[in-house]
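Chemist: Structure incoming, see below.
The values are calculated or read from the model by the stated rules, or taken from the named source; none is laboratory data. This is a predicted model, so every value here is computed, not measured. Here Cβ is always computed from backbone atoms with ideal geometry, including for glycine, and neighbour counts include all displayed protein chains.
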């Protein structure tokens, strides 16, 4: 049996879709809505909480609950290697970026294990925020050994697709990647730029990217807003 609050959520979504409530409209009071659905106010609040988390409603404490335009959704199949920029563009959104920093650092033990290089070896560390329709949706950290890419980031300005940049400037083709999906700890400082609301959730994809010779050429940590990016994979019965 479907819980009452989920049925209420679906009903409100239908009311929005059929135009009964339009973007910008204020919903009737909590008391009126609970009475309309013949449920307790706590049950009604549970439905509203879900819609607020999905950013379909905006709850202003002491003011009311308003219908808002939901965020654009960026789907992706995990078995297909795509850059964040490609995901944004394929969703029909305007891609943008803000570079945080490009620097050379000494490789940590973790990075060295991922890249199969010596601890302490020099690597480039690229940090940047990616935007979709001018809204921050991803924060990326990319690590590239200087033994592979040389001093290219000091010589040639970088922006846009990192895959394309590496191909054009270094002759490096990234063919496949091993990806781990993790949930960052709430104290992770790298999530701050993506916290659109206090309820925003973030996933992190850790990639080891390989060239055509199966050599690891880049280790990436992509923090992605979970309300924007949806990932899926097709599983086949054997």
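Chemist: Please state which one of 203, 224, 166, 144 is in the same structural domain as residue 113 (by TED's automatic domain parsing), out of contact with any strand residue (DSSP E or B) (no Cβ under 6 Å at 6 or more places or on another chain), surrounded by 12 or more Cβ atoms within 10 Å (Cβ to Cβ) and closer than 22 Å to residue 114 by Cα. Outline the logic, then answer.
Modeler: Details: 203 fails: out of contact with any strand residue (DSSP E or B) (no Cβ under 6 Å at 6 or more places or on another chain); 224 fails: out of contact with any strand residue (DSSP E or B) (no Cβ under 6 Å at 6 or more places or on another chain); 144 fails: out of contact with any strand residue (DSSP E or B) (no Cβ under 6 Å at 6 or more places or on another chain).
Matching residue, one of 203, 224, 166, 144: 166.
For every residue, the table says whether it meets (1) assigned to a helix (DSSP H, G or I); (2) touching a residue at least 12 places away in the same chain (Cβ under 8 Å); (3) in the same structural domain as residue 210 (by TED's automatic domain parsing).
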residue	(1), (2), (3)
11	yes, yes, no
16	yes, yes, no
24	no, yes, no
35	yes, no, no
39	no, yes, no
45	yes, yes, no
48	yes, yes, no
59	no, no, no
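Chemist: Now a separate question. So, in region 52-80, how many residues would count as being within 21 Å of residue 173 (Cβ to Cβ) and in contact with a helix residue (DSSP H, G or I) (Cβ under 9 Å, 6 or more places away or on another chain)? Break it down into steps so the answer makes sense when it comes.
Modeler: As a first pass, look at region 52-80 and keep what is within 21 Å of residue 173 (Cβ to Cβ): 76-80.
When the remaining residues are screened for being in contact with a helix residue (DSSP H, G or I) (Cβ under 9 Å, 6 or more places away or on another chain), the result is 76.
The total comes to 1.
Chemist: Any residue at all in region 90-99 that is at pLDDT 90 or above and in a helix (DSSP H, G or I)?
Modeler: No: region 90-99 contains no residue that is at pLDDT 90 or above and in a helix (DSSP H, G or I).
Chemist: Among the listed residues 180, 212, 110, which satisfies the condition of being assigned by TED's automatic domain parsing to the domain that holds residue 84, part of a helix (DSSP H, G or I) and at pLDDT below 95?
Modeler: Numbers: 180 fails: part of a helix (DSSP H, G or I); 212 fails: part of a helix (DSSP H, G or I).
It is 110.
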